[in-house]
Amino acid sequence: MKRTQVRALTLAILLTLTLCLLPTVAGAVTLSKNRLEFTVGEYKDERFQWQFDDNEKFLNDFDLSGCDSKEYGLEAWSKPDRWISISGTPTKKGGYTGEIIIKVIKSDFTEETKTLFIEIVINEKQTPETPTPTPTPAPAPVERPEVVDYSRCEQALIRGVKEWCNIRQRADISSDIIGRAMLGQRISLICWNEDET
């Protein structure tokens, strides 16, 4: 191919691409979000805007019926100043593609319908893991003194003290004090120590 033919072919390709792109750029309607996320059982109100990159006075109507999905517990509403709101408490996990249909009235007063799509995803609610309870250790067994029939024990009279003396758990001065015996009080002797003191 000659250089002039290559240039002509290149220009033809560029011109074709430019003409193909013009309809999509001029007068395009877009959404400020293309994906919304919800969670089962949790109320949420998600809002987004539609935008028109041409003279907005020609936009006069839009339909949100394609965004409604009562099946999932969500509803769509139109808000002032191009806002759209999808809200509710989803009842089940899933998702769908919502359609927003916008009617555009051009400068020559001809009507054109634009359809926009938004992905709506509903996640399953995460249940927090219940911590495993730490087992409570069993209380240490309490040592209970042997039951004694005191009526059959030998009686002793407390004397040789000023007012009182300690009664200990065992016949040992380092043993725990478990009570007091007053001067002149009679007590029951369970047993004697080895030297009978």
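List of remarks:
- Inter-residue pairs, beta-carbon under 9 Å, first more than 24 Å from residue 88 (Cα to Cα) and in region 53-74, second modelled with pLDDT under 70 and open to solvent by less than 30 Å² (accessible area, probe 1.4 Å), 6+ apart: 53/27; 54/27; 55/27; 58/27
- Restricting the search to strands (runs of 3 or more DSSP E) fully inside region 78-197 and requiring at least 1 residues that are more than 60 Å from the chain's Cα centre (by Cα) and modelled with pLDDT under 75 gives 154-157, 186-189.
- Among the residues making up region 89-108, those that are of a type in the set (Ser, Thr, Tyr) and touching a residue at least 40 places away in the same chain (Cβ under 8 Å) are 89, 91, 107.
The values are calculated or read from the model by the stated rules, or taken from the named source; none is laboratory data. From a predicted model like this one, the values you see are computed outputs, not experimental measurements. Cβ coordinates were reconstructed from backbone atoms using ideal geometry, including for glycine residues, and neighbour counts include every protein chain displayed. Please note that ligands, DNA and RNA were not included when accessible areas were found on the heavy atoms of the full protein model with its side chains. Shrake-Rupley method; radii C 1.70, N 1.55, O 1.52, S 1.80 Å.
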